[in-house]
1. With free of Cβ contacts under 8 Å to residues at least 12 places away in the same chain and aliphatic (A, V, I, L, M) as the only criterion, which of Ile120, Ile96, Ile55, Ile82 stands out?
2. Applying the selection to the range 11-32, what residues are in contact with a strand residue (DSSP E or B) (Cβ under 6 Å, 6 or more places away or on another chain) and part of a helix (DSSP H, G or I)?
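The numbers here are math on the coordinates, done by the rules we state, and not lab data. Bear in mind that the values here come from a model prediction, so they are computed numbers and not experimental data. Note: ideal-geometry Cβ built from the backbone for every residue, glycine included; neighbour counts use all protein chains shown.
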Amino acid sequence: MNLKIKKVYINLLTPLFMIALIVIDRSIYPLVMFACAILHEAGHYAAMKMCGVEIYKIVFYPFIIYMDYNEKSLVNYKAEIITAVCGPLMNFLVIIILLAVSRFYSFFGLPLIVFGNFFIMMFNLMPVEGFDGGRILKAIVSLKFEYTFTVKICNIVSFIFIVILFLAGIYLFFITEFNISVLIIMIFVSISKAFAYIEKLYLIKR
């Protein structure tokens, strides 16, 4: 169930999930990560607007912000790559600005914000279907090979990295002294990306 504000939808589980993670983690880490995710999607949004891409809706899930857009309005693979890259690029620019500011002025939470942006950037660059890295991989492979072969390659790479992602969540769970919020974030982000991709396929078929 979602709360609708024009084209923006907020999943009702989002605030509940955020509160639960803040209580479990006893820090502002979940809020910082969500803010970094908003910056990330702002980069995609700006790129799509510049490329003339029609955006149907923006959905706020816990730690995931999903944009449903008209893929047909992406005129070529170059536009696809540009819109996919601009999300991580936004996080990278924020990191550069913060590091530059830190040379003259430091404030509480600065290292956490830098880490949050770095994490969101690297996480989304993973070549997994539904992630920015997956979109970039598919666009690049499509330039050389037919669609069927491209899908097979992307599915294999996605599966490998999803397994790595899950194992990384378990590893971080132990090295952070059983901080379950890290593992929950890893699992939920993976599941949310999968459901967002399934919803996207359903809308296309419909």
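1. Within the list Ile120, Ile96, Ile55, Ile82, the selection yields Ile96.
2. So the first thing to find is which residues in the range 11-32 are in contact with a strand residue (DSSP E or B) (Cβ under 6 Å, 6 or more places away or on another chain), and the list is 11, 14.
Once the filter is applied, which keeps residues that are in contact with a strand residue (DSSP E or B) (Cβ under 6 Å, 6 or more places away or on another chain) and part of a helix (DSSP H, G or I), the range 11-32 yields only Thr14.
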